[in-house]
1. Of all residues in segment A:3-15, which are surrounded by fewer than 20 Cβ atoms within 10 Å (Cβ to Cβ) and among the hydrophobic types (A, V, I, L, M, F, W, C)?
2. Out of (1) within 16 Å of DNA strand C (Cβ to nearest atom); (2) out of contact with any helix residue (DSSP H, G or I) (no Cβ under 7 Å at 6 or more places or on another chain), the odd one out for B:LEU75 is which?
3. Could we say that B:ARG9 is out of contact with any Gly (no Cβ under 8 Å at 6 or more places or on another chain), more than 30 Å from B:GLU149 (Cβ to Cβ), within 13 Å of DNA strand C (Cβ to nearest atom) and in a helix (DSSP H, G or I) here?
4. Taking segment B:148-161 on its own, how many of its residues are touching a Pro at 6+ places or on another chain (Cβ under 8 Å) and at the interface with chain A (Cβ under 7 Å from one of its Cβ atoms)?
5. Is it the case that B:ALA72 is surrounded by fewer than 18 Cβ atoms within 10 Å (Cβ to Cβ), under 18 Å from the mean Cα position of the chain (by Cα) and more than 29 Å from A:ALA26 (Cβ to Cβ)?
6. For the subset of segment A:23-37 comprising residues that are surrounded by 12 or more Cβ atoms within 10 Å (Cβ to Cβ), near DNA strand D (Cβ under 10 Å from one of its atoms) and not β-branched (Val, Ile, Thr), which member is farthest from B:ALA116 (Cα to Cα)?
7. What do you reckon, is A:GLN145 free of Cβ contacts under 8 Å to residues at least 24 places away in the same chain, more than 13 Å from every other protein chain (Cβ to nearest Cβ) and closer than 23 Å to A:PRO176 by Cβ?
8. Please verify whether segment B:43-57 includes one or more residues that are surrounded by 12 or more Cβ atoms within 10 Å (Cβ to Cβ) and touching an Asp or Glu at 6+ places or on another chain (Cβ under 7 Å).
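None of the figures in this text is laboratory data; all of them are computed from the coordinates on show. All values reported here derive from a predicted model rather than from experimental measurement. Cβ coordinates were reconstructed from backbone atoms using ideal geometry, including for glycine residues, and neighbour counts include every protein chain displayed.
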Number of protein chains: 2
Amino acid sequence: MAELTERGRRTRQRIVEATGRQILAAGIGGTSLDDVRAATLTSKSQLFHYFPGGKAELVRAVAEWEGGELLAAQLPHLEDLSTRASWEAWRAALVDYYIGQGRWACPIGSLANEAAVGDPELAALVADTFRQWASRLAAGVRRMQGVGEVDAAADPDRVAASILSAIQGGLVLSQPLHDPWPLEAALDQALHALDAPAVRT
Amino acid sequence: MAELTERGRRTRQRIVEATGRQILAAGIGGTSLDDVRAATLTSKSQLFHYFPGGKAELVRAVAEWEGGELLAAQLPHLEDLSTRASWEAWRAALVDYYIGQGRWACPIGSLANEAAVGDPELAALVADTFRQWASRLAAGVRRMQGVGEVDAAADPDRVAASILSAIQGGLVLSQPLHDPWPLEAALDQALHALDAPAVRT
DNA sequence: TCGTCATTGGACTGCATGGTCCAGTTCCTA
DNA sequence: TAGGAACTGGACCATGCAGTCCAATGACGA
């Protein structure tokens, strides 16, 4: 695709964002290039001009973009998470991203589900976003342990994975009901791991 | 489709099970009727003979069948869950169903994700399986509360939803890694809700 | 002003797929 | 044992979709 001018970059970005919206609403299979063409007022040739690899490359670009957006939506809290208040602020930002902004599904989680099989490159991108996300959460848990707020015996990586799972699983349940309560219940329960400075049984 | 003879029932069942396997491995979009035809050594006309509604009806039949199988795989523990040991046995059966038998994804969860949009009837079937499942878990939590094993102040429905979320979310993370640890970590963390007879903060 | 390269438009192709149709076979039953 | 209904085989059709091609247009530097 050689060089991109300013106009080119904007067109490309417009395609990526519209495709992301369509995928979130209808899945990869439910997103045809003609849909994208219509939504972006572009032409077939432009799609292949900016994404010579075709639909697969376009979807990968969407995965990268959405991954960045997802993590960005959790800032600045995601980089802090050193106090219970910071965790609560993070939680609020996350729920707003999913529910408040009407997504009702995780752009990355749905990609993980639909395309983990069939496109290893895409799976790697998705896995990488999960990895970055989990490492931030684990770092937050360690900060909580550092100040004695959380049991030092807890494994931060396991706690981070369980919180991430609560988010993804909560969305699976919330989506068909179109009700945020399963997501919030799962998230709250998972965050209780931060409320146990002492050990048990 | 009028009456079904024994042979007819078996052919129909063979189609449902093969379709289920294919959907689990490749998703609905990745499952063509020709795939099913080849895998079952049947013909196009048989598919439409047993499922006049076409692919959509076939997928719905798969959802019903898989829902039943999923709950059945958790028996008899799912109907007990009155002791910590019973919960552990249930957990083991569940992990075996997903990992031990090589599924690496939830048949119902993946349907929920891919088709919740676009087929309200299918979404209703999926939601119903989740409802049945959650109600069994909640009943187990209540039994634990009844014998004083679990804090009576906990909301059994919220605990059940969080456990279900841990399963679904854990699978989302485990699937691309092809490693059961996120599922197990999420499940264990969620089950810790059963280990707190006393209240917190 | 000219040339070149990024950009855009849209017709066209080939193929996979869901779905239809009808003829042939098997099986139950009266 | 005959008739009808359930069952099976596979050719065929229509369509939607990813991907190709080429010509036209716009922008920017020399």
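1. Within segment A:3-15, A:LEU4 is the sole residue that qualifies.
2. Evaluating B:LEU75 over (1) within 16 Å of DNA strand C (Cβ to nearest atom); (2) out of contact with any helix residue (DSSP H, G or I) (no Cβ under 7 Å at 6 or more places or on another chain) leaves (1) as the failure.
3. yes
4. Looking only at that region, the number is 1.
5. yes
6. A:ARG37
7. When the stated conditions are applied, A:GLN145 does not pass them.
8. Yes, segment B:43-57 has at least one match.
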